[in-house]
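All remarks here apply to the structure that follows.
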Amino acid sequence: AGRHFIGRLAFVRSSAVASGVVVAVREERDGMEAQRFRYPRVRFRTASGRDVIFESGMARGGDAWRIGETVSVRHRLDDPEMAEFDTLAALWGPTLLFALLAAVFLGVGAGLWFGFIPV
């Protein structure tokens, strides 16, 4: 969780925000074919005028992404292909999940160690 936080913080500090447009959507189904996940491909222009297309790792179910939809993108200044949506969930969601899991495991371990949780 700590390493992910430091990496994400470095990304945010060395990045810029641009406006992008969803140009395509790749769809995948889960192993049981019950759920479909859609991954948007987004085109944006950097401050230097370079056009970049990237596929987000932020999947959603259903018809969440629409072609032509405008989105906010955060990208590295030195490598614009390293980009992600500029939202709390896309930027910090995995870090928060790792921190929550670490807290749960630490709490259970400490509870067992100190006898608060009977074995």
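Across the range 53-98, the qualifying residues are those that are modelled with pLDDT under 90 and basic (Lys, Arg), and the one among them that is nearest to the chain's Cα centre (by Cα) is ARG60. Of everything in the range 1-48 that is of a type in the set (A, V, I, L, M, F, W, C) and within 18 Å of GLY62 (Cβ to Cβ), the residue that is most open to solvent (accessible area, probe 1.4 Å) is MET32. Residues in the range 1-56 that are over 17 Å from GLU69 (Cβ atoms), in contact with a strand residue (DSSP E or B) (Cβ under 9 Å, 6 or more places away or on another chain) and acidic (Asp, Glu): 3 in all.
Restricting the search to strands (runs of 3 or more DSSP E) fully inside the range 28-119 and requiring at least 2 residues that are free of Cβ contacts under 8 Å to residues at least 24 places away in the same chain and either over 20 Å from ARG3 (Cβ atoms) or hydroxyl-bearing (Ser, Thr, Tyr) (or both) gives 36-45.
The values are calculated or read from the model by the stated rules, or taken from the named source; none is laboratory data. The shown structure was predicted, so the numbers you read here are calculated from the model rather than taken from an experiment. Here the Cβ is made from the backbone with ideal geometry for all residues, glycine too, and neighbour counts use every protein chain on show. For accessibility, only protein heavy atoms count, side chains too; no ligands or nucleic acids. Shrake-Rupley method; radii C 1.70, N 1.55, O 1.52, S 1.80 Å.
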